[in-house]
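Peer 1: This is the structure I want to talk about, given as structure tokens.
The values are calculated or read from the model by the stated rules, or taken from the named source; none is laboratory data. Just so it is clear, the model here is predicted, and its values are computed rather than measured. So basically every Cβ, Gly included, is an ideal-geometry build from the backbone, and we count neighbours across all protein chains shown. For accessibility, only protein heavy atoms count, side chains too; no ligands or nucleic acids. Shrake-Rupley method; radii C 1.70, N 1.55, O 1.52, S 1.80 Å.
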Amino acid sequence: MSSLHKSRIADFQEVLKEPTIALEKLRELSFSGIPCEGGLRCLCWKILLNYLPLERASWTAILAKQRELYSQFLREMIIQPGIAKANMGVSREDVTFEDHPLNPNPDSRWNTYFKDNEVLLQIDKDVRRLCPDISFFQRATEYPCLLILDPQNDFETLRKRVEQTTLKSQTVARNRSGVTNMSSPQKHSTPSSLNEYEVLPNGCEAHWEVVERILFIYAKLNPGIAYVQGMNEIVGPLYYTFATDPNNEWKEHAEADTFFCFTNLMAEIRDNFIKSLDDSQCGITYKMEKVYSTLKEKDVELYLKLQEQNIKPQFFAFRWLTLLLSQEFLLPDVIRIWDSLFADDSRFDFLLLVCCAMLILIREQLLEGDFTVNMRLLQDYPITDVCQILQKAKELQDSK
């Protein structure tokens, strides 16, 4: 470890040991990248995403309260419906019309259960192929959810629920226009059948099953947006970061902590996932156009070339912006980009500058290429040095 890196770690530790965290100082340090040693990144992200307050003394109580709240969500939204389903099917003579699976009433428990299954099937399909370039999400977690995998009770897990449902994933109608083809060309294909994954022993669960639970609970608590394809790519890097925390005491609660950080992050970016808001000032179309208007300001020659070739920002910037670049780079590089995004107080304005920097850094190839070549460049971005991209984005920010 270089002396410079040791010095950076010491700077972070100095800020984080204060009774009240100096947020501006933490942001300034985090913007240049957060060390992963000693769980620094996990802690900084929790503060930057407003999960932990600036007063250190309140952390223990807040974490205990939030983690217990998450356990309550698991009981109410996963365990109880499973028990209710089992009870509703126990004795046919006890089944009333209200409890009957064919009851058309939208408020019936069965109807709710079936509607939830539609959402769950889409989540299941997406989380099974999360970050296919690494094996992490297919591996067993060290901390399975004992509340659900309680050997004394045969509670229905979401995996069992998916396997038992007769609904086909094609019935899911929550796909987002333009989001269905979000995987980058550099990503490898993954097994599509439920049976192609290694079956873990009883009492174990894979990391993707934890992510599935987080997204299902989020969908239940946020029925207005529920689940939209692509949210799995947002929650993945958050969970990976917390579930690999070197501090076991924090790692054990990665699921609950990820849920609340994901919820806070989604509160800032959820408009990107709501189709009816696309053309509003808070929607994704406005943000894509902002990338081009910024490019016009910074590099008019390149802007005119893309306009001339009719390369619209929807062709590439939709995915870049909606998924916070999580599909354009390998996971460690995505995490490094997110250090800077989370640290910037106007973080999603900075994301627009990062996208603009990505265009300017390949300007020579874009100026020389035809439509086909340029589309391939933008769909499978060639530069892998994310520090170079972030540095260019910072230069653009400073030159405003």
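Peer 1: Anything in region 230-250 that is open to solvent by 20 Å² or more (accessible area, probe 1.4 Å) and modelled with pLDDT under 95? List them, or say none.
Peer 2: Passing the criteria: 246, 247, 248, 249, 250.
Peer 1: Read through the list (1) part of a helix (DSSP H, G or I); (2) touching a residue at least 40 places away in the same chain (Cβ under 8 Å); (3) among the aromatic types (Phe, Trp, Tyr), then give the number of the only condition that residue 329 fails.
Peer 2: (1)
Peer 1: Which members of region 253-281 meet the condition of being at pLDDT below 95 and either of a type in the set (D, E, K, R) or over 18 Å from the mean Cα position of the chain (by Cα) (or both)?
Peer 2: Hits for region 253-281 are 268, 270, 271, 275, 276, 277, 278, 279, 280, 281.
Peer 1: While we're here: Any residue in region 230-252 that is closer than 19 Å to residue 37 by Cβ sitting within a Cβ distance under 8 Å of a residue that is basic (Lys, Arg)? List the pairs, counting only those 6 or more apart or interchain.
Peer 2: Close Cβ pairs (under 8 Å, with a partner that is basic (Lys, Arg)) amount to 241/41; 242/251; 243/251; 244/251; 245/251.
Peer 1: Taking only pairs six or more apart or across chains, which ones have beta-carbon atoms under 7 Å, a first residue in region 66-85 that is farther than 16 Å from residue 153 by Cα, and a second residue that is open to solvent by less than 30 Å² (accessible area, probe 1.4 Å) and of a type in the set (A, V, I, L, M, F, W, C)?
Peer 2: Pairs found: 66/256; 66/260; 67/256; 70/256; 70/259; 73/217; 77/217.
Peer 1: Out of (1) at pLDDT 95 or above; (2) under 22 Å from the mean Cα position of the chain (by Cα), the odd one out for residue 307 is which?
Peer 2: In the conditions (1) at pLDDT 95 or above; (2) under 22 Å from the mean Cα position of the chain (by Cα), residue 307 misses (2) alone.
Peer 1: Residues in region 351-400 that are within 22 Å of residue 289 (Cβ to Cβ) and not in a loop (DSSP other than H, G, I, E, B): how many?
Peer 2: Adding up the residues that qualify gives 25.
Peer 1: Here are the criteria: (1) under 16 Å from residue 349 (Cα atoms); (2) open to solvent by 10 Å² or more (accessible area, probe 1.4 Å). Tell me which single one residue 295 does not satisfy.
Peer 2: Condition (2) is where residue 295 drops out.
Peer 1: Additional query: Out of everything in region 340-375 that is without any contact (Cβ under 8 Å) to a residue 40 or more places away in the chain and over 30 Å from residue 46 (Cβ atoms), what residue ends up being most open to solvent (accessible area, probe 1.4 Å)?
Peer 2: 368
Peer 1: May I ask you to verify whether residue 92 is at pLDDT below 90, among the charged types (D, E, K, R) and surrounded by fewer than 18 Cβ atoms within 10 Å (Cβ to Cβ)? Before you say what the answer is, go through the steps one by one.
Peer 2: Values: at pLDDT below 90: yes; among the charged types (D, E, K, R): yes; surrounded by fewer than 18 Cβ atoms within 10 Å (Cβ to Cβ): yes.
So residue 92 passes the test.
Peer 1: Another one. Report the residue count in region 204-225 for those that are open to solvent by less than 10 Å² (accessible area, probe 1.4 Å) and assigned to a loop (DSSP other than H, G, I, E, B).
Peer 2: Qualifying residue count, region 204-225: 2.
Peer 1: Residue pairs, Cβ under 7 Å, 6 or more apart or interchain, first in region 379-400 and touching a residue at least 24 places away in the same chain (Cβ under 8 Å) and surrounded by 13 or more Cβ atoms within 10 Å (Cβ to Cβ), second among the polar types (S, T, N, Q) and in a helix (DSSP H, G or I). List them.
Peer 2: 390/340
Peer 1: Let me ask something additional. Specify which of the listed residues (139, 109, 129) is at pLDDT below 85, open to solvent by 60 Å² or more (accessible area, probe 1.4 Å) and not aromatic (Phe, Trp, Tyr).
Peer 2: Within the list 139, 109, 129, the selection yields 109.
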